[in-house]
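Down below is the structure, laid out as structure tokens.
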Amino acid sequence: MRESVRELDVRHVPPPQRHSEIFSTFNALKPGEAFILVNDHDPKPLLYQFQAEHPGAFEWSLLEAGPERFRIEIRRRTGGKSRNVTEYLEQDHRRLDAIVPEVVQLADSGSLAEAATRFAEFACGLNRHIDAEENVLFPAFEKITGMAAGPTTVMRAEHVEIRRWMGIGAAALDARDAAAAKRAFSGLTEVLSVHNMKEEQILYPMTDQAAGGERERDDLVRRMQAL
Ligand SMILES: [Fe+2]
Ligand SMILES: [Fe+2]
């Protein structure tokens, strides 16, 4: 069952007051708690301000990426200030893994419009996760390990397959075809679980090991978060 998370819609708040309202909402969160920020643009300057003022203290997960409305889940972390690539990307795998059963449950209960909305949030997050891997993590891995045509080639090919299943799932939900959607989710889950395991057991730890130090690892995480 999805946790109930407060939405803070700042679209009608005068811009000079927005950041203070957002930070006071964040400051009131207990570790592990979240709120959803609703805005009319991609609030990158806000993310940079969070990174500067609350380093490593939050997760920033895009649920909806415009063009008119942006929704971001901002969660207070329970861990320390800096973290490595493995911790950062594993938590995103777990966050995304938890959404698929919610979508299946909604589809099973006949709430196909809600299932489609939740699946769109999943796809937004997974597309962003894949973009962060392909544009930040894999090039860093290839540079620091010297392995330009090895594990990352396999992972990129699997991303194509993962995106293909996501497209089939979204089309089935759009067509309100619950049976086809469930077949797509099981295909997607099968590919994704093996893919994630390989990343978590091989690619992420190798990147952390080869990255140099805490500062280099933290820098990679910040760049992926800001993508
Ligand atoms: Fe991946
Ligand atoms: Fe991944």
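A few comments on the model shown:
- One residue stands out in the stretch 154-181 among those that are touching an Asp or Glu at 6+ places or on another chain (Cβ under 8 Å) and open to solvent by 20 Å² or more (accessible area, probe 1.4 Å): the one that is farthest from ligand 2 (Cβ to nearest atom), namely 178.
- Residue within the stretch 144-151 that is within 14 Å of ligand 1 (Cβ to nearest atom) and open to solvent by less than 60 Å² (accessible area, probe 1.4 Å) present: yes
- In the set (1) within 19 Å of residue 216 (Cα to Cα); (2) of a type outside the set (A, V, I, L, M, F, W, C); (3) outside any loop (DSSP other than H, G, I, E, B); (4) open to solvent by 50 Å² or more (accessible area, probe 1.4 Å), residue 81 fails one condition alone, (3).
- Looking across the stretch 55-95, the residues that are basic (Lys, Arg) and within 14 Å of residue 128 (Cα to Cα) come down to 71, 95.
- Criterion (without any contact (Cβ under 8 Å) to a residue 60 or more places away in the chain and surrounded by 15 or more Cβ atoms within 10 Å (Cβ to Cβ)) met by exactly one of 90, 102, 73, 121: 121
- Residue under evaluation residue 144, criteria (1) touching a Gly at 6+ places or on another chain (Cβ under 8 Å); (2) more than 20 Å from residue 212 (Cα to Cα), criterion not met: (2)
- Residues that are touching a residue at least 40 places away in the same chain (Cβ under 8 Å) and either among the aliphatic types (A, V, I, L, M) or open to solvent by less than 30 Å² (accessible area, probe 1.4 Å) (or both) within the stretch 51-70 comprise 51, 56, 60, 61, 62, 63, 65, listed in sequence order.
- Any hit, the stretch 100-120, residues being within 16 Å of ligand 1 (Cβ to nearest atom), part of a helix (DSSP H, G or I) and not small (Gly, Ala, Ser): yes
- When residue 140 is tested against (1) modelled with pLDDT under 95; (2) open to solvent by 50 Å² or more (accessible area, probe 1.4 Å); (3) within 15 Å of ligand 2 (Cβ to nearest atom), exactly one condition is not met: (2).
- Extreme residue, surrounded by the fewest Cβ atoms within 10 Å (Cβ to Cβ), among residues of the stretch 4-50 that are touching a residue at least 24 places away in the same chain (Cβ under 8 Å) and of a type in the set (Asp, Glu): 7
- Single condition residue 112 does not satisfy, out of (1) out of contact with any Leu (no Cβ under 8 Å at 6 or more places or on another chain); (2) open to solvent by less than 50 Å² (accessible area, probe 1.4 Å): (1)
- When the criteria are applied in full, residue 95 meets the requirement of being of a type in the set (D, E, K, R), surrounded by 15 or more Cβ atoms within 10 Å (Cβ to Cβ) and within 25 Å of residue 22 (Cβ to Cβ).
- Residue that is within 14 Å of ligand 2 (Cβ to nearest atom), surrounded by fewer than 15 Cβ atoms within 10 Å (Cβ to Cβ) and not assigned by TED's automatic domain parsing to the domain that holds residue 50, where the choices are 221, 194: 194
The values are calculated or read from the model by the stated rules, or taken from the named source; none is laboratory data. Only a predicted model underlies this, so the values are computations on that prediction, with no experimental measurement involved. A quick note on method: Cβ atoms are made from the backbone with ideal geometry, for glycine too, and the neighbour counts reach across all protein chains shown. Heavy atoms of the whole protein, side chains included, go into the accessibility calculation; ligands, DNA and RNA do not. Shrake-Rupley method; radii C 1.70, N 1.55, O 1.52, S 1.80 Å.
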